[in-house]
Every structure is written in C-alpha cells, then in structure tokens.
Amino acid sequence: MRKIGKAISLLLVLVMVLSAFAACSKKDKKDNETETPLVVGYLPFSQKFSPFFADTGYDQDVVEFVSVQLLTTDRTGAIVYNAIEGETIPYNGVDYTYTGIADIAVNYDEEADITTYDIKIRDDVKFSDGHVMDADDIIFTYYVLSDPSYDGSSTLYSQPIIGMQNYRANSSAAETITDEEVNALIENPSDSLNQAIIDEIIRPVLESEFDWVGSLYGDERYASYTEAHPEQKDLFASFYSLDENYDSYAVNDEKQVLEDIIAQYGSDYKALGAGYAADETYYVNDVKTIARSIITEEKKAAGIGEDVYNIEGIKKISDTEVQVITKGYDATAIYQIGGAQVAPLHYYGDESQYDYENNKFGFPRGDLSIVKSKTTHPLGAGPYKFVKYENKVVFLEANEHYYKGAPKIKYIQLKETTEADKVTGIEQGTLDITDPTGSKTTFEQIAKINSNGELSGDKIVTSSVDNLGYGYIGMNADTINVGGEPNSEASKNLRKAIATVLSVYRDVAIDTYYGDAASVINYPISNTSWAAPQKSDSDYKVAFSEDVNGNQIYTSDMSSEDKYAAALQAALGYFEAAGYTVTDGKLTAAPAGAKMEYEVLIPGDGDGNHPSFAILTDASAALDTIGFKLNVNDLADANVLWDRLDAGTQEMWCAAWGATIDPDMYQVYHSTNIVGKGGTDSNHYHIADTDLDTLLMEARKSDDQSYRKSAYKQCLDIIMDWAVEIPVYQRQNSVVFSAERVNIETVTPDITTFYEWFKEIENTELK
C-alpha cells in the first residue's frame, strides 16, 4: 500500500499589496531600479514557504529569497567561519569575498568530550518589516525546531545537543532510559502502550488508507480493483481485513466497516506493517518512540526525573551571541546548527510568551499552531520580502532593509510552469530565468534557438553544473546472496557478476539519454563532493572493470561489442566463483540460497523513460544468452518502488541519491540504518560491514579533511566490494537566462553546485 504523509492544514493569510506593475514616474526611480519584474520559471509549489516547514526544493528557494541563515559557505561548499568581516577565498582564478550574518567558532574539548559552537550575529541585520534581528530570534528558531510536536524536515532535534532529549520528553530521566527498558515494555506491553499504539499508529494509518482507497475510483490504473469492489468500504476491506470471514457487504455503514477493521488489528502493529508495507517491522521504530515516552511518563509519576524547562546546551550569551553545546564531536553537526534560517520571533511567535530567563520561548511547548499559521506567508531578513502567492505565482518585492543593500531588481515573480515549457518560455519572453532538466533534447533545443548554435548565445545563456546527487542501480544484499550470507565472498561474487554486465552498458546508454548533460561515474558519490575520487588518483578504478582474479577486463583498443563480450565472459567467472554450475558457457544451476533470475524495479513510467532503462534492457538480453534472467519491471507507479524499499523486499532497483555539502555516508551505509533496524531506514542495500561502520564513525569525529577523504575512499572501496551499488551517472543542473532581458554581466559569477545563481541576487539587473 501507498505511504501517506501527514497532512498539514494551511492557513492562507491574505494581505494587501502593491502591484508589481504599479506605475511610477522616472524621476521617482532610484538608479538601476526598474518596475519590470524578473520572472523565474518553477515547477509547482506546495505553498509551504515557511523556514520551518518547506519540504520541496521549490518552496525552499522561496525561503532562500526571503530569509537568511546563520551559516555562510563558499563556492566549494566550504564553511566561512568569519562571515561578519568576511573571508576572501580564491576560486577559478578569482578572489571572492564572502560575507554573512554570523561568525561561528567551533571548539572541541577532548577531555570533556563536548563541542561548543559560539555564534555571533551582526548587530545591523533587520527583517523586512524593519525589526532588528537579535539572539532571541535565534533562540526562538532553535526551540521551534526542537519542539516535541515539530514535524518539518529539519533534524536539529536529532543532534546530540546537551539536554535536547530531556527537554523533548520533559523529563531529566529521558536520556537515561536504556534500550533494554524499551524492549522489555514492547515484549510485555502494558494497557497504556497498547492503547497508544492504537491511537497513534493503527487508527491514523487505517483512516488514511481508507481515504486513499476512496481516491482510487476514477483512476484507470486501479480499474480492476474498483470494478471488482464498486463501494469504497468493500475495496478497503479486501485490502486490510484480517478476518477472512468478514463480510463488509453485509455492513451498510462505511464508518462501521472502518471501525470493525481497526478493531481487528487492535494493537497488532506487526500485522499492520505486513498489510501496509509487506514488512512486520515497519512500525517498530514508532512503537519504540511511544514506549520510551510511556516509560518517561511512568518515571515522572513515580517521582523519577524532574521536569525540564529548557535545553541545557542552547544558551543566550548576549543580545547578539548564542552558544550551542553538543556531546562529542560530529563534523556534520554544524550544518544543522548553523543551517537554520533565522525566523523573527515577533512574527512567527508570540512575544508575550517569550521570556528567556524564565524558560518561555515564544509559544507553548508542544503547540506550534501559531508558527504553522504563517506557513504560506513567510517573513525574514533575506534580499526579498514575500508579497503573495496568487494564480500560481509567488510575488516578491525587494527588501529595503537587506543588510547587503536593497536588490537592484525591485520585483521578482516565481512563476509555476511545466518542464516542457521552460526553454520555450525563455524564447517567447514569458520567463527570464528557469532551470530545465539537463538532457540531450534540452541542450539541442537551446542550441537551435541561439543563432550561433551554442548553449550560450544571443537568445539564451546557459549555466550548467554537476548535480549534488547521482544516479545508481542498487542491490539488496539480503535478497541477492548465496546461502543466506550477504557478506560472504560467494555472495559478493554473485552481485559482481550482475554488476559487471550492467556496468559495461553505461557509457552508450547515458550518452544517448543525456548527451553532454551527464557523465558516467565510477564511485557511489557525487563528483561535486571534495571526497570524490579523481581520475588522476593512483588508485582510481573504473567500476566493475576487473575479473574474479583481479585482472583488467578491457583494453583501450576494444570496440563496444568486444567490451560487451568481455564483460559477459568475466561475469561467467564470477558466477562460477559464487557456486553456480557453468556448462558450455551457460549457467545450469544456482547454489543454495541463490537464484537463476532476479527482478529489477525501474520507475520509467511504464514507457522506459529513465536514463538506466537502456542499461537494464541491454544487460538483460546479454545475461539471457548465458542462462541468467534479469526481469526488468518498468513501473508506471513509482510508489511501488518506494513501498518495496521501505519493506526491504526488493532485489534490485534504479534510483538517484541527493546529497549534502558534507560527504558523510552514515545515514545510507551504516548497519544501524538498515531498513527496520531502528535507524534512518536509508540503508536499502542492507550492507552490514563492521569495518565500514568503524570508518564511517571515525570520519564523522574528525575535522581533518585530508583524513576524512582518505577514510571515505576506504568506505567507497568496501561498498564497491560488496557490489550492492552500481554508480551510473552524474547529471548536470542547468539554469538558463534570457540574454535579451537579463544583464548577464550582473548575474552571480562562477555559479557552482553549492553557490546558486541567486546567491548574489541583490546585484542582478535587467536590461
């Protein structure tokens, strides 16, 4: 079944605004100021324009225009610690000076095993309504992100900030509760735990699924289901009833059917996990959270643990200084602590409920309703102020209080458009700037529009940089192995056999799909990362280019057809080493626990629209000649893939990873994060390697970039040896500008993955 996200009701705040097209005389205009709006093309917004709750890249861009964050980074993503005075850092032969609103000093006390983040902001930063930003705004922002009811995308609350978990549980005992206590309660559940599971998991999930079932009617993809069960209650019962003898047709009341099925589950979260995601462990982490909360409450009732009124590790030092203290050292923590978009207390909170000295932080703990009421109408200290969202357009106006000076373009309109209309919009003059998906077709379209036949010319100027993420083909070590031992050499050889054949078809497939808009990569890490291996490195290897004996499979003079044949021969060697029976160049039998065929899921919309589709089909045909089946399942509904990944039942799949500035690999590859193990559930590969785990943790604890890069290279080598991930492509992000309407000379120079075109938007001019 489909995973349903939490619904958040949005309160639309109507405001009176001046039109972007308001008339004014030339004598009233400032130098370089124009009343003509800059129009930027975007895909649809979700209207969550809040610095706390923006959950799409497009909504986040609105936040970037409107707000400022504490942390400043340069064009390589490196941290600028002294941003108030500014730091001059060379890039591409040019010295660039970077300034921001805050200095951040990081100090690790090895003896005490704590890290202190001292944050000092400028004293002249104003929000767009003229209010001066101060430390109270930062404190307020941190407490919103740390609140027990916070359900946005930030994970500041997961950082080891001293006292964080105690505050969220309102008990000084919270951080002392052991996993053993939690597991004991789950094994012998109390009435309160059972009821909490019903109230917080069983009922909300089944109610959501009941609504989802209703949405299927009229959807042709589900016609076979809806035709078989004309009424919503009966289709829902067919999906979720635990009682095989339950007759929903005999019940006239839809609500009664829902209640009956909720009663069938009771507190059996494992049964719900099996029905919802084909995984009994799906709700284990949720139940652990509930159990921990109940234990905390029981200890409080028994007089164990005092109420906690503040987060010990977040301190106001002065009107312009805040200090954050964490346990241990984590190289990635600064991106959460410093990455917060500072929100004005007076706007998002209630000033009458703020009194730092008396543990009042602008809202009642556990109640973010006042913060959420401003979700669709943001206010901040960024270069622009939000005016309105109307007719699928976000209207912005220059912030005259911006600390770097008011932008030269007075009005910006962020206009919803379709992917197909982005380049056309630039050509026809309805858009000035937009970000079409980099592809061979897109680049050919741009070149045709320009009279010089290039990507940058008289009509359109193109800026292309590598995307922060990358595309890959994944394997689940728990479902593709020999003898039930995912980490054995035989299991690795099985996966290497498949990976070797897949890898050889990457070059042609990616060139055909993307052209110059993407390149093949050989390690599971974005080329944009400072930790990415370079071709000039002495130990750099092309992915899966060695046979089972460690010899190179390919030579420089091989044709494509020769390479395909060599890859297939090498694959036979790996299969044989894995325990397969090979007779006359074909596989005739699989070893215990392995199979002669596996399935790969690809979200190609059912028509092969995916960069890896050609790789899979060509590899499948090649493997078929040696008696091995690779069944390519091109999904019309991508939700099927995510459900299988969440359940951990998939064998192979195609997807792409996003990435962060820091190359930390913990969430994706550490064994504690294998799906269902109680971590992030992001380790879809089910890789569990003690050496890898150790390296990942040690790298996190160091601030030595050279050491971290060396450690991550070892991590990458281990991942490749497990053969659970075939790196496929590094695509490019493209931004196109109208050469006829935008003064290109004023656009942010040397745009990078980490330094977008709007980073210096205050300097951009129209012609």
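This table checks each residue for (1) touching a residue at least 60 places away in the same chain (Cβ under 8 Å); (2) not charged (D, E, K, R).
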| residue | (1), (2) |
| --- | --- |
| Glu227 | no, no |
| Glu244 | no, no |
| Ala263 | no, yes |
| Ile290 | yes, yes |
| Thr296 | yes, yes |
| Lys299 | yes, no |
| Gly305 | yes, yes |
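Criterion applied to Ser682, Ser620, Ser671, Ser612 was being without any contact (Cβ under 8 Å) to a residue 60 or more places away in the chain, among the hydroxyl-bearing types (Ser, Thr, Tyr) and assigned by TED's automatic domain parsing to the domain that holds Pro533, and the one residue passing it is Ser620. Looking at Ile295, Ile290, just one residue is buried (at least 18 other Cβ atoms within 10 Å of the Cβ), assigned to a helix (DSSP H, G or I), over 27 Å from the mean Cα position of the chain (by Cα) and not assigned by TED's automatic domain parsing to the domain that holds Ser369, and that residue is Ile295. Considering each residue of segment 366-379 in turn, at least one proves to be in the same structural domain as Thr72 (by TED's automatic domain parsing), over 30 Å from Thr72 (Cβ atoms) and not in a loop (DSSP other than H, G, I, E, B). Being in a helix (DSSP H, G or I) and either without any contact (Cβ under 8 Å) to a residue 40 or more places away in the chain or under 30 Å from Ser529 (Cβ atoms) (or both) holds for only one residue in Thr479, Thr424, Thr462, and it is Thr424. Considering segment 630-668, the residues that are aliphatic (A, V, I, L, M), touching a residue at least 40 places away in the same chain (Cβ under 8 Å) and closer than 25 Å to Asn467 by Cα include one that is surrounded by the fewest Cβ atoms within 10 Å (Cβ to Cβ), namely Ala656.
Residue-wise test of (1) among the hydroxyl-bearing types (Ser, Thr, Tyr); (2) at pLDDT below 95; (3) surrounded by fewer than 21 Cβ atoms within 10 Å (Cβ to Cβ).
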position: Tyr98; (1), (2), (3): yes, no, yes
position: Glu110; (1), (2), (3): no, yes, yes
position: Ile119; (1), (2), (3): no, no, no
position: Val132; (1), (2), (3): no, no, yes
position: Asp137; (1), (2), (3): no, no, no
position: Thr141; (1), (2), (3): yes, no, no
position: Ser171; (1), (2), (3): yes, yes, no
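Within segment 550-589, the set of residues being at positive phi and either among the polar types (S, T, N, Q) or surrounded by fewer than 19 Cβ atoms within 10 Å (Cβ to Cβ) (or both) comprises Gly550, Asp584, Gly585.
When Tyr329, Tyr335 are checked against the criterion of being touching a Lys or Arg at 6+ places or on another chain (Cβ under 7 Å) and either surrounded by 16 or more Cβ atoms within 10 Å (Cβ to Cβ) or hydrophobic (A, V, I, L, M, F, W, C) (or both), a single residue qualifies: Tyr329.
In segment 306-351, what count of residues is obtained for those that are within 30 Å of Gly130 (Cβ to Cβ) and outside any loop (DSSP other than H, G, I, E, B)? So the answer is 17. Return the residue satisfying two criteria in turn: it lies in segment 388-413 and is under 28 Å from the mean Cα position of the chain (by Cα) and crowded, with 21+ Cβ neighbours inside 10 Å, and of such residues it is nearest to Pro37 (Cα to Cα). So, considering only residues that are under 28 Å from the mean Cα position of the chain (by Cα) and crowded, with 21+ Cβ neighbours inside 10 Å, the one nearest to Pro37 (Cα to Cα) is Ile412. Among Ala566, Ala571, Ala531, Ala619, which is the only one that is at pLDDT below 95 and hydrophobic (A, V, I, L, M, F, W, C)? Answer to the check: Ala531.
Of all residues in segment 212-225, those being of a type in the set (D, E, K, R) and in contact (Cβ under 8 Å) with a residue 60 or more places away in the chain number 1.
Here Val482 meets the list (1) over 30 Å from Asp662 (Cβ atoms); (2) buried (at least 22 other Cβ atoms within 10 Å of the Cβ); (3) not assigned by TED's automatic domain parsing to the domain that holds Ala647 almost entirely, failing just condition (3). Within segment 688-717, residues that are touching a residue at least 40 places away in the same chain (Cβ under 8 Å) and assigned to a helix (DSSP H, G or I) sit with their Cβ atoms under 8 Å from residues that are among the hydroxyl-bearing types (Ser, Thr, Tyr) and crowded, with 21+ Cβ neighbours inside 10 Å, at 6+ positions apart or across chains, in these pairs: Ala699/Tyr712; Cys715/Tyr669; Leu716/Tyr523. Taking the criterion of being surrounded by 15 or more Cβ atoms within 10 Å (Cβ to Cβ) and in a loop (DSSP other than H, G, I, E, B), the only residue of segment 247-265 that qualifies is Val251. Here Ser734 fulfils each of the conditions (1) in contact (Cβ under 8 Å) with a residue 60 or more places away in the chain; (2) at negative phi; (3) not in a strand (DSSP E or B) apart from (3). Within the span defined as segment 519-536, every residue fails to be in contact (Cβ under 8 Å) with a residue 12 or more places away in the chain and either loosely packed, with under 14 Cβ neighbours inside 10 Å or assigned to a helix (DSSP H, G or I) (or both).
What do you reckon, is Asp507 of a type outside the set (A, V, I, L, M, F, W, C), within 28 Å of the chain's Cα centre (by Cα) and either crowded, with 23+ Cβ neighbours inside 10 Å or within 30 Å of Glu454 (Cα to Cα) (or both)?
Answer is yes for this residue.
For segment 700-707, the criterion of being surrounded by 16 or more Cβ atoms within 10 Å (Cβ to Cβ) and acidic (Asp, Glu) is met by none of the residues. The single condition among (1) outside any strand (DSSP E or B); (2) of a type outside the set (Val, Ile, Thr); (3) in contact with a strand residue (DSSP E or B) (Cβ under 7 Å, 6 or more places away or on another chain) that Gly453 does not meet is (3). The single condition among (1) in a helix (DSSP H, G or I); (2) of a type in the set (Asp, Glu); (3) surrounded by fewer than 17 Cβ atoms within 10 Å (Cβ to Cβ) that Asp539 does not meet is (1). Taking first residues from segment 129-151 that are closer than 28 Å to Glu397 by Cα and touching a residue at least 60 places away in the same chain (Cβ under 8 Å) and partners that are assigned to a helix (DSSP H, G or I) and β-branched (Val, Ile, Thr), the Cβ contacts under 9 Å between residues at least 6 apart in sequence or on separate chains come to Tyr142/Ile337; Val144/Val371. Looking only at residues in segment 438-459 that are touching a residue at least 60 places away in the same chain (Cβ under 8 Å) and closer than 23 Å to Asn609 by Cβ, the one that is surrounded by the most Cβ atoms within 10 Å (Cβ to Cβ) is Ile446.
Of all residues in segment 67-92, those that are on the phi < 0 side of the Ramachandran plot have Cβ atoms under 6 Å from Cβ atoms of residues that are of a type in the set (A, V, I, L, M, F, W, C) and surrounded by fewer than 16 Cβ atoms within 10 Å (Cβ to Cβ), 6 or more apart or on another chain, in Asp74/Ile89.
The values are calculated or read from the model by the stated rules, or taken from the named source; none is laboratory data. Please read these numbers as outputs of a predicted model, since none were measured by experiment. Backbone-built Cβ (ideal geometry, glycine too); neighbour counts: all protein chains shown.
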